[in-house]
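These notes concern the structure reproduced below.
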Number of protein chains: 4
Amino acid sequence: MPLNSRHEVTVEWGDCDPAGIVYYPSYFRWCDQATYRLFLAAGLRRDDVSSGQWKEGTPLVAAECSFRRASQHGEKLVIDSHVSKFGGSSFTIRHVFRDAAGVIAAEGTETRIWAEKRGDARSLKSIAIPDEVKRRLGG
Amino acid sequence: MPLNSRHEVTVEWGDCDPAGIVYYPSYFRWCDQATYRLFLAAGLRRDDVSSGQWKEGTPLVAAECSFRRASQHGEKLVIDSHVSKFGGSSFTIRHVFRDAAGVIAAEGTETRIWAEKRGDARSLKSIAIPDEVKRRLGG
Amino acid sequence: MPLNSRHEVTVEWGDCDPAGIVYYPSYFRWCDQATYRLFLAAGLRRDDVSSGQWKEGTPLVAAECSFRRASQHGEKLVIDSHVSKFGGSSFTIRHVFRDAAGVIAAEGTETRIWAEKRGDARSLKSIAIPDEVKRRLGG
Amino acid sequence: MPLNSRHEVTVEWGDCDPAGIVYYPSYFRWCDQATYRLFLAAGLRRDDVSSGQWKEGTPLVAAECSFRRASQHGEKLVIDSHVSKFGGSSFTIRHVFRDAAGVIAAEGTETRIWAEKRGDARSLKSIAIPDEVKRRLGG
């Protein structure tokens, strides 16, 4: 059973656009925040920067989201997240957003790789996902 | 032949994250900006707000993007955009990002609906895409 | 005595920049969120958009912030906010950010006006702050 | 005479809020972008990350902006920027935003320090501004 974590966000004024609804890149920011909470719930610290340098982490290779109903400023959305698939160095996190009535507002996935970087952006390369990560996230 | 438009962006400091590469929701902001340019190139003014109120426009129903190579602060990316599919009230815009060497950095699609909104977010509903929009965008 | 409200934020991955510290416009997003919480605490609903159109609210005329110490991803910051000054149509909100050790991380002010807008951005004009707003916020 | 640089931005859909005007933290993002252009114009590369690690750069100690008139989606704003003051390790950049009619839309300053960081955010400390930086920026 994969580990599930739940993250609540408030739709902030600055998350919305002149149509008065969520500006869609905001959903991806929330997905990223939800993945961070999932790692915390697993006792993992993703993308450690305490050394002052990012050397290893989980950059994206793909992301997609379907927007089922528009949300607006002041609403609260609950995001449920879990790893839906593990590969050798890539894994997919599924996120489901529900509004206060429990209706699905959006749902999407992030596909990430375990990666290290020793120099500039070109030096980024995938590495094997640590076994403990798979074990803790329920892969 | 669908109309193509090209939009260049600079990867700004604030578009990147502590890994020193583009924070992935930034790509979706750029997709949205590129769609705006595509509409301008077609002589269309999407999402008019000159009345002080948004009444009609092109909200998203889905978006996805694949990230082929990491980009970093100071790079310039060129985005080519065109409508790849028209439905009755929905349409899909395809975006391809290339770096200075012409290599694909990312590629994705936005699926939007033509919609109107008369009250709050719940009142949003799809309407038929105007014929002139299809004609000008090459549908 | 002015009403005080407290708002806690987590420094998210996407709030930081390649230096590994908070990208400074993020502090202003948090100030805006904190002002929204202050209004909620006062039983006020700022910038109502439930009609589908923003007609009255509290746009900024000035903002400033001093950054005392750098914060990084995963830190929690507590923001204390209150109205420090009321004019006829303008008012100033003071925000103090403290880190987990209680040390001031940042402090700043927003000066806002009570305003209405009937058409495009040019039609925005200040109006008198409602008496009840002053009373509830402790002006 | 300090070096001046000019940077034009388009007010994007996602830079605005449900009031249909610029969401104010966007102005600070543009100030940061304008400072980057000022450094480029001076032949300086601020905040180098080509090694994969940020070690030296120009974090903020204060920022302030006055918003003179509201701008909306699709407008173009021109930002003129120059260093208005040099200290030993701090310096102030002044930014003036003008709309298409040449009217001042906003004006503000960023106060930055020259700083290095060897470990986490707590290790950030100011150092003397290199003489060549002062010379090239016209201090």
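Only the coordinates and a few stated rules stand behind these numbers; no lab work does. Keep in mind that what you see is a predicted model, and the values were worked out from it rather than measured. Counting neighbours? That spans all protein chains shown, and the Cβs are built from the backbone with ideal geometry, glycine included.
Its Cα gyration tensor gives the stretch A:69-112 an equivalent ellipsoid; the semi-axes, largest first and in whole Å, are 26, 9, 7.
For C:Phe86 and A:Glu56, the FRET efficiency from 1/(1 + (r/R0)^6), where r spans their Cβ atoms and R0 equals 41 Å, is about 0.20.
Taking the empirical scaling 2.2 N^0.38 Å for compact globular proteins as reference, the stretch C:40-101 has a Cα radius of gyration ratio of 1.45.
By the count of other C-beta atoms within 10 Å, a proxy for reagent exposure, D:Ile127, B:Ile21 are ordered fewest to most as D:Ile127, B:Ile21. Close amide H partners of D:Val61, meaning residues 5 or more places away or on another chain with modelled amide H under 5 Å apart, are D:Thr111, D:Arg112, D:Ile113. Restricting the trypsin sites (Lys or Arg not before Pro) of the stretch A:1-53 to loop positions (DSSP other than H, G, I, E, B) with no more than 14 neighbouring Cβ atoms within 10 Å leaves A:Arg45. When each of B:Ser26, C:Ser81, D:Ser71 is scored by the number of other beta-carbon atoms lying within 10 Å, the sequence from fewest to most is B:Ser26, D:Ser71, C:Ser81.
Over the stretch B:7-139, the reciprocal of the mean inverse Cα-Cα separation, the Kirkwood hydrodynamic radius, stands at 15.8 Å. Computed from Cα atoms, the angle from the helix B:25-41 axis to the main principal axis of chain B rounds to 50 degrees. Each listed q (0.09 Å⁻¹) maps to a log10 I(q)/I(0) for the protein assembly as shown from the Debye sum over equal C-alpha point scatterers, namely -0.66. Maximal additional length on extending the A:Ile104-A:Glu132 stretch stands at 6.9 nm, based on 0.36 nm per residue less the C-alpha distance.
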